[in-house]
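Enquirer: Just dropping this structure here.
The values are calculated or read from the model by the stated rules, or taken from the named source; none is laboratory data. Just so we're clear, the structure is a prediction, and the values are computed from it rather than from any experiment. A quick note on method: Cβ atoms are made from the backbone with ideal geometry, for glycine too, and the neighbour counts reach across all protein chains shown.
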């Protein structure tokens, strides 16, 4: 920040003993549990407090008798509508209005409050670092951020115990306040270097349950599928009752964890062993002690937690932890340096390109209705390490996504500073004043990766439904609303092949192939289908026919030679495959049989449609023909 920060020193347990209301601007409260939200809820002014999660918002609203605005949860059974908000703000019996809103619903609250009265409400965004880190996959975070920027300067604040740097120049003039305890809190941490994260986690859980059978355990790891495998392993291989295990994650991941899914509905943990994703890393209070196990993997961007994130995760235990264990699986990786100014420049260039694209498409009456689809496609597919530098605003015009730039820069800092080498996390934790004990774990426990049949069945049902209701107008939405890579591949492939293959067959076959844990069979079918539907005049088909004639036998040696000739004829700049690979590839674009089943006997070419796909139309050429062959070689 450009301005010199203000400092507030807190000598008592809670902030309310030092100040009567929060200052405006950006606030670094440095400590969790200092009572900043409580201070605002008790202040003598109208407040709108934005929380990243509904569990946090609902719990605080219930505790302080505030208006909760968000989807139903716990004791809040009814969805609050705009008319309910209006009724609340017009109620003259309530001297100071206190509204606690989930990020996704802030727009609804601000719409309900007359524009002229916005200045009468203090807008507080709690856990503002979550808004930066989560904006990549939650568009509502960006919306809250824009509402915050439009709010009167002296009537708003963003607050966190672990704030990140803001890259948005609009925030350069924001006041910056640091709140510090006179005696900062510290933690005692066991830092365990692991050669296998999940195996070490099992070992640590069993160690704690055997030593302290009545005490609760929380495992923090941002991967719902892996947590499902972990829960299943505890239940099936280590005889921990199902009733003692739960997974707390977002509703979007509910299908992945099915029977273990649980929401936090109070300030007590619902089970003995809790496995939680990032949906429960910040913003809520647990009023009981427990053992914390946080899994960290520096090569996984979702789980390479910084010293700040680790502090937030530990800070959920308001009465302190029984023990804190950080399990670190570290691997060397290439360092990449991102520069804030260059990222902003890249975003500006992308906006220029999108503007040019819109203007060009808008000149054609046949293309103008596709402008939005193309813009969304470009924005979603253009990213750095999964972070989009540009967003589409409410008017569907491109703008710089400063929150995503903030998150990318923070990830870059973590990878280059916090995990500069195997020991730097230790130094970051000790620099906070913590006492850190280091140990090395060599685990022999095995955690099986299993298929979540309930999730796969739900995915199949969703895919079948979406393919049957497919249209050119919802194609882009279907593709980018896919919940995993397999589902996205199904939608892309269906969109590519729909005009050339019988629709009923294509729907049934793609849906069936989507049920496989690995997508190799799906990829093979797609490649085979794209090659099979090419018309005989295409470059590929002409080359194929010249090398493999229907009704002719070919030995393995001849197949090897002719596959290489085929690649040369279609100008594929690929490394020549060996004989074994050539035969496997041959079987994917030619249907052939042996008169004698003994290995090595010549094969008789029967057709150029090895999967007997019901083709309804042919395609002259696929522009990615070389990429198709590359995929075939990778799969084999």
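Enquirer: Just name the residue that is nearest to residue 316 (Cα to Cα) out of those in region 73-95 that are in a loop (DSSP other than H, G, I, E, B) and in contact with a helix residue (DSSP H, G or I) (Cβ under 9 Å, 6 or more places away or on another chain). Lay out the reasoning, then the answer.
Expert: Of the residues in region 73-95, the ones in a loop (DSSP other than H, G, I, E, B) are 74-75, 77-81, 90-95.
Subset that is in contact with a helix residue (DSSP H, G or I) (Cβ under 9 Å, 6 or more places away or on another chain): 74-75, 78, 80-81, 94.
Details: 74: 19, 75: 22, 78: 27, 80: 28, 81: 31, 94: 31 Å.
Looking at residues that are in a loop (DSSP other than H, G, I, E, B) and in contact with a helix residue (DSSP H, G or I) (Cβ under 9 Å, 6 or more places away or on another chain), I get 74.
Condition check ((1) assigned by TED's automatic domain parsing to the domain that holds residue 76; (2) under 27 Å from the mean Cα position of the chain (by Cα); (3) surrounded by fewer than 16 Cβ atoms within 10 Å (Cβ to Cβ)) across all residues:
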site	(1), (2), (3)
13	yes, no, yes
16	yes, no, no
30	yes, yes, no
39	yes, no, no
42	yes, no, yes
48	yes, no, no
53	yes, yes, no
60	yes, yes, no
63	yes, no, yes
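Enquirer: Consider region 233-258. How many of its residues are under 20 Å from residue 484 (Cα atoms) and either at pLDDT below 85 or not in a loop (DSSP other than H, G, I, E, B) (or both)? Steps first, please.
Expert: Initial filter on region 233-258 (under 20 Å from residue 484 (Cα atoms)): 247-258.
If we keep only those that are either at pLDDT below 85 or not in a loop (DSSP other than H, G, I, E, B) (or both) too, we end up with 247-248, 250-258.
Adding up the residues that qualify gives 11.
Enquirer: Tell me yes or no: at least one residue of region 367-379 is in a helix (DSSP H, G or I), touching a residue at least 24 places away in the same chain (Cβ under 8 Å) and buried (at least 18 other Cβ atoms within 10 Å of the Cβ).
Expert: Restricting attention to region 367-379, the residues satisfying the condition of being in a helix (DSSP H, G or I) are 368-379.
From what's left, touching a residue at least 24 places away in the same chain (Cβ under 8 Å): 372-373, 376-379.
From what is left, the residues that are buried (at least 18 other Cβ atoms within 10 Å of the Cβ) are 379.
Within region 367-379, one or more residues are in a helix (DSSP H, G or I), touching a residue at least 24 places away in the same chain (Cβ under 8 Å) and buried (at least 18 other Cβ atoms within 10 Å of the Cβ).
Enquirer: Give just the number: which of (1) modelled with pLDDT of 90 or more; (2) assigned to a helix (DSSP H, G or I); (3) surrounded by fewer than 23 Cβ atoms within 10 Å (Cβ to Cβ) does residue 310 not satisfy?
Expert: Residue 310 satisfies all of (1) modelled with pLDDT of 90 or more; (2) assigned to a helix (DSSP H, G or I); (3) surrounded by fewer than 23 Cβ atoms within 10 Å (Cβ to Cβ) except (3).
Enquirer: Evaluate region 541-556: report whether one residue or more is assigned to a helix (DSSP H, G or I), assigned by TED's automatic domain parsing to the domain that holds residue 497, in contact (Cβ under 8 Å) with a residue 60 or more places away in the chain and within 41 Å of the chain's Cα centre (by Cα).
Expert: no
Enquirer: Further, regarding this structure: Which condition does residue 141 not pass, out of (1) assigned to a helix (DSSP H, G or I); (2) surrounded by fewer than 18 Cβ atoms within 10 Å (Cβ to Cβ); (3) at pLDDT below 90, if it passes all the others?
Expert: Of (1) assigned to a helix (DSSP H, G or I); (2) surrounded by fewer than 18 Cβ atoms within 10 Å (Cβ to Cβ); (3) at pLDDT below 90, only one is false for residue 141: (2).
Enquirer: Next question. Just one of 301, 335 is out of contact with any strand residue (DSSP E or B) (no Cβ under 9 Å at 6 or more places or on another chain), surrounded by 15 or more Cβ atoms within 10 Å (Cβ to Cβ), part of a loop (DSSP other than H, G, I, E, B) and in contact (Cβ under 8 Å) with a residue 12 or more places away in the chain; which is it? Show your work before the answer.
Expert: Working: 335 fails: surrounded by 15 or more Cβ atoms within 10 Å (Cβ to Cβ).
Being out of contact with any strand residue (DSSP E or B) (no Cβ under 9 Å at 6 or more places or on another chain), surrounded by 15 or more Cβ atoms within 10 Å (Cβ to Cβ), part of a loop (DSSP other than H, G, I, E, B) and in contact (Cβ under 8 Å) with a residue 12 or more places away in the chain holds for just one of 301, 335, which is 301.
Enquirer: Taking region 501-511 on its own, how many of its residues are in contact (Cβ under 8 Å) with a residue 12 or more places away in the chain and farther than 15 Å from residue 612 by Cβ?
Expert: The number of residues fulfilling the criteria is 3.
Enquirer: Can you tell me which of (1) on the phi > 0 side of the Ramachandran plot; (2) touching a helix residue (DSSP H, G or I) at 6+ places or on another chain (Cβ under 9 Å) is the one residue 561 doesn't meet?
Expert: (1)
Let's see how each residue does on (1) within 27 Å of the chain's Cα centre (by Cα); (2) within 30 Å of residue 230 (Cβ to Cβ); (3) at pLDDT below 90:
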{"position": "151", "(1), (2), (3)": "no, no, no"}
{"position": "164", "(1), (2), (3)": "yes, yes, yes"}
{"position": "183", "(1), (2), (3)": "no, no, yes"}
{"position": "199", "(1), (2), (3)": "yes, yes, no"}
{"position": "202", "(1), (2), (3)": "yes, yes, no"}
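Enquirer: While we're here: Among the residues of region 65-81, how many are loosely packed, with under 13 Cβ neighbours inside 10 Å and closer than 14 Å to residue 105 by Cβ?
Expert: Qualifying residue count for the region: 3.
Enquirer: So which helices (runs of 4 or more DSSP H) are wholly in region 428-527 and hold at least 2 residues that are farther than 30 Å from residue 230 by Cα and modelled with pLDDT of 90 or more? Before you say what the answer is, go through the steps one by one.
Expert: On the way: elements: 453-468, 475-480, 485-497, 503-513.
Once the helices (runs of 4 or more DSSP H) in region 428-527 are filtered for at least 2 residues that are farther than 30 Å from residue 230 by Cα and modelled with pLDDT of 90 or more, what remains is 453-468, 485-497, 503-513.
Enquirer: Can you name the residue in region 612-636 that is outside any helix (DSSP H, G or I) and modelled with pLDDT under 90 and, of all such residues, is surrounded by the fewest Cβ atoms within 10 Å (Cβ to Cβ)?
Expert: 623
Enquirer: Name, by its number, the condition in (1) on the phi > 0 side of the Ramachandran plot; (2) surrounded by fewer than 21 Cβ atoms within 10 Å (Cβ to Cβ) that does not hold for residue 283.
Expert: Among (1) on the phi > 0 side of the Ramachandran plot; (2) surrounded by fewer than 21 Cβ atoms within 10 Å (Cβ to Cβ), residue 283 violates only (2).
Enquirer: A further question on this structure: If I ask for residues that are free of Cβ contacts under 8 Å to residues at least 60 places away in the same chain and touching a strand residue (DSSP E or B) at 6+ places or on another chain (Cβ under 6 Å), which ones from region 423-444 would you list?
Expert: Within region 423-444, 430 is the sole residue that qualifies.
Enquirer: From (1) in a loop (DSSP other than H, G, I, E, B); (2) within 27 Å of residue 419 (Cβ to Cβ), pick out the condition that doesn't hold for residue 347.
Expert: Unmet condition: (1).
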